[in-house]
Amino acid sequence: MTQFAAIASPFSCVQIANGGVAWNGQDDSRNDNQRKIVCFFMDGGLSQIDSFDPKPDAPARIRGEFGAINTSAKGVYFSEIWPRLASVADRMTVIRSIRHRHNEHGFALRCMRTLQNNAGRQTPSLGSVVQWQSQSAMPVYVGLNDALDYSGALGANFRPFSLQGPVGKRITAGRSNGNGSEINARLNLLSQLETASTVAQRDIRSQTLIQQQERIGEILRSPVFQRMLNISSVSAETKTRYGATSIGEQVLLARNAVNEGMKFTIVNIPGWDMHTNLFAQCRQKVAAVDSAIAAFVEDLDACGQLESTIVLVMTEFGRSPVIEGTGRGHCPQAMSVLAMGGPVPRGHVLGDTGPNGNESIDIRHEPDDLLASLYKWLQLEWEIMLPGENARLNTAGTVISELEPG
C-alpha cells in the first residue's frame, strides 16, 4: 500500500484580520463573514475514470490505460496519474453523486458554473451572487484564465475581475511584479479609454462605461491588487512545489487572492474535452494541475485557512465509461467533484458510480443541492428577488446532509 507522508509547507501564513478587503486602506465590505470559496474548474469535461473514480476491475475498454493507486484516505483510490492529490485525499470529500441532464458543453457549463440544473441566461453564478451580496464596490470575486460571463441578471459588474488581464497570456516576470509592466500597460490603455470617453455623449451607457473605467483604475492602482499579482517574492522551494508552469503560477495567484480576503476565486483550467488521444493528453497535462492544487491545499491547511475556505475541483460533466476510439464521450450522469475545507468531512466519499462509472447508483444529487449547501455555509440570502427580474434567486436544491455546516 502506498504511504503518504505529510509535506511540510514553507508557506508564510497571512491571516486576514476581518472579512473585509482593505482596498486603498479602506475596508469596503459590509460583511464580516470570512468564509471563502476557491473553485478550480476543469473546463471541457474531466474524465472521472481517469481521475478520481478509477475502475481497476472493469474491462480494459472501460478502465483505460491508467492503473489505480491508494490515497491517504482509507479505501479511496485515484488514477495513478494524480499522485499529489491522492496524498491529500485525507483532507477532502470525493463527491461522486452529482449528476445533471445536459450533454452539450454550453448548457452543461452554465449548469455547473451556476450550480442550477434549470439555469438560463439570467441565472447568476455563485461567485456573482457572492459579489452582489457582499455589497462591496470593489472586487471580492476574482478569476484567472476565465473569459466566460455568468453574471446573469446581476450584470457585468458582478462577473469575476480578471487578475491577469487578457485570458490565455502567460505570466511573465514583469507581469508578476507588483509594479510590473503589465499593470502599467493596463493603466495606459485605461487612460486612453478615459480620454476617449470624455468626448463621447454622456448618456446612460457612456456614464456606465466611465464608472466601470474609474473602478478598474482604482483596482489597478490599489495595494491589494498589486499584492495579489505579486509572486516575485515566492521562494524557489514553493515555486517548485507548485510547479514552474502557467497553472502553477495561476494557483499561486489564487493563494494570494485568499490571503487578500477575496471571497470567491475561480481558476479556469481548459483542455479536458478529450474525444481523441485522451491518455496521451492526460499524461501531458495532469502533472502540472495535480502538483499545483495539492500544494495549494497543503498550504491552506498548514495555516488553518482551510477551516474558513472551501476548495472545489469541478467540471461540467464526466466522460462516458466505454472508450470510443482513443477518447471518451460526454457523460452528465457521472462526474467527480472534490471538496475540501469548511464543514466538508475529511477522507470521505459521497456516492458510488458502480462497477463501470456510468451513473451514480446509490445517492444522487443535483448541482442545486451542492449550491444549497454552499449558500448555507456562506450564509447567503437566497429567497430574494433578482434585480430587475421577476424571479427569485432561490435554488431548488436541498442541503446535502454530509456537507451541513456544524
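The values are calculated or read from the model by the stated rules, or taken from the named source; none is laboratory data. From a predicted model like this one, the values you see are computed outputs, not experimental measurements. Note that each Cβ is placed from the backbone with ideal geometry, even for glycine, and that neighbours are counted across all protein chains shown. Ligands, DNA and RNA are excluded from the accessible area calculation, which covers all protein heavy atoms including side chains. Shrake-Rupley method; radii C 1.70, N 1.55, O 1.52, S 1.80 Å.
The table that follows gives values for the structure above.
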item	result
Selection status of Leu148, at positive phi and either open to solvent by less than 10 Å² (accessible area, probe 1.4 Å) or touching a helix residue (DSSP H, G or I) at 6+ places or on another chain (Cβ under 9 Å) (or both)	no
Residues (part of a loop (DSSP other than H, G, I, E, B), closer than 23 Å to Cys39 by Cβ and open to solvent by 40 Å² or more (accessible area, probe 1.4 Å)) located in region 349-383	Ile363, Arg364, Glu366, Gln379, Glu381, Trp382
Unique match (being touching a Pro at 6+ places or on another chain (Cβ under 7 Å) and open to solvent by 10 Å² or more (accessible area, probe 1.4 Å)) among Ser246, Ser291, Ser308, Ser235	Ser235
Subset of region 384-406 [under 21 Å from Gly351 (Cα atoms), open to solvent by less than 60 Å² (accessible area, probe 1.4 Å) and in a loop (DSSP other than H, G, I, E, B)]	Gly397, Val399, Ile400, Pro405
